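K.L.:
Below you'll find the structure I mean.
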Amino acid sequence: VMMAENFLKSYGVNNLHIGVATTLTLYLTPIIDTFKELFASVMVSVREGPTLTLIDDLLDFKADICLVGTLRTVDKKLHVTRIPRIEGMVLVANPDYPLVRKPEVKWEDLANYPLIVQSEGSTAREMILEHFASRNLTLMIGAEVDNVESAKQLARQKKGVALVFLPYVKEEVALGKLAIIHVMDGEIQLGIDIATNREMPVSPMLKAFIGLIEKHFSFPLLENES
């Protein structure tokens with residue numbers, strides 16, 4: 001009955017509720033803007049936040065679709081497709097920060113400096129924690145942030161090293177406000193998972209939005225059942 005009601009609502013009300021992981025906003029905003037232009041009559045609401053929080057909303061029927069970082073585990077109630085790789089994440093700091101001046105930086109070196117990481121529930125946070133754990137290292141958390149601008153600001157203030165996607169900091173790096181720290185023994189790669197609730201039917205608006213995602217990234221989405 002719930003599925004039937006939701007299906008009918010999708011035709012009676014033109015709306016689309018999208019959840020977007022904070023770290024991925026830059027990549028996904030152009031797709032959302034294009035959708036709004038093509039379907040001006042559709043009311044689009046976008047919520048940004050940590051991956052796990054957005055997934056909880058999806059399971060509670062508060063969102064139609066979530067665009068998040070690569071999920072480590074997939075709930076059986078979810079249908080997930082994947083954009084395998086976008087761009088690597090980089091570690092940045094103030095150009096005068098001690099790590100920037102080192103000719104070679106390893107994960108063992110990073111363990112001696114505070115890191116500016118995403119808040120609880122973020123996939124990017126989980127990934128960097130795994131990198132440290134796999135090397136039997138302890139991460140020193142200098143600050144937890146909910147958005148990229150806060151991370152960059154703290155890095156500029158020499159409060160620690162921030163983990164961000166490269167496109168977010170290209171301008172600051174070019175202007176000499178931030179510098180990239182190249183880690184010698186391991187890079188951080190993050191894909192995008194597109195999650196929907198299996199108990200919610202795919203509305204025409206949702207199908208159109210998913211089609212725009214495929215077109216934007218120029219290849220079919222891959223099934224993720226991990």
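The values are calculated or read from the model by the stated rules, or taken from the named source; none is laboratory data. Owing to the predicted nature of the structure, the values given are computational and were not obtained by experimental measurement. Cβ placement follows ideal geometry from the backbone for every residue including glycine, while neighbour counts extend to all protein chains displayed. In case anyone asks, the SASA skips ligands and DNA or RNA and just uses the protein heavy atoms, side chains included. Shrake-Rupley method; radii C 1.70, N 1.55, O 1.52, S 1.80 Å.
K.L.:
Ignoring everything but the protein chains, give the 1.4 Å probe accessible area of residue 217 in square angstrom, nearest 10.
P.N.:
40
K.L.:
Here are a few candidate values for P(r) over Cα pairs in 5 Å bins from 0, in percent: (1) 1, 8, 15, 19, 21, 17, 10, 5, 2, 1, 0; (2) 1, 6, 10, 10, 8, 7, 7, 6, 7, 6, 6, 5, 4, 3, 3, 2, 2, 2, 1, 1, 1, 0, 0, 0; (3) 1, 7, 14, 17, 17, 14, 11, 8, 5, 3, 2, 0, 0. Which one was actually calculated from the structure I just gave you?
P.N.:
It is the one labelled (3).
K.L.:
Report, in listed order, any pair from 106/170; 62/106; 62/158; 76/152 with a Cα-Cα distance greater than 32 Å.
P.N.:
Violating the 32 Å limit, Cα to Cα: 62/106; 62/158; 76/152.
K.L.:
Enter the accessible area of residue 72 (Å², nearest 10), with the probe set to 1.4 Å and all protein chains included.
P.N.:
About 90 Å², ignoring ligands and nucleic acids.
K.L.:
Now a separate question. Counting each DSSP H run of 4 or more residues in the chain as -39500 (n - 2.57), what helix-only mean residue ellipticity at 222 nm follows after dividing by all residues, to the nearest 500 deg cm²/dmol?
P.N.:
Per the formula, -10500 deg cm²/dmol.
K.L.:
Something else now. Could you work out how much longer the chain between residue 40 and residue 109 gets when fully extended? Use 0.36 nm per residue separation minus the Cα distance between them, nm to one decimal.
P.N.:
Full extension from residue 40 to residue 109 adds 19.7 nm.
K.L.:
Using a 1.4 Å probe and ignoring any ligands, DNA or RNA, find the accessible area of residue 182 and quote it in Å² to the nearest 10.
P.N.:
130
K.L.:
Now for a different question. Could you order peptides 25-35, 187-197 by the average number of other Cβ atoms within 10 Å of their residues, highest first?
P.N.:
Sorting 25-35, 187-197 by mean packing, highest first, produces 187-197, 25-35.
K.L.:
Mind listing the phi-derived Karplus ³J(HN,Hα) values for region 107-113, rounded to whole Hz, using 6.51, -1.76 and 1.60 with θ = phi - 60°, and x for any glycine or proline?
P.N.:
Using θ = phi - 60°, the values come out as 4, 4, 5, 4, 5, 8, 10 Hz.
K.L.:
Continuing with this model, one more query. Please compute the length gained on full extension between residue 96 and residue 29, using 0.36 nm multiplied by the number of residues separating them and subtracting their Cα-Cα distance.
P.N.:
20.8 nm
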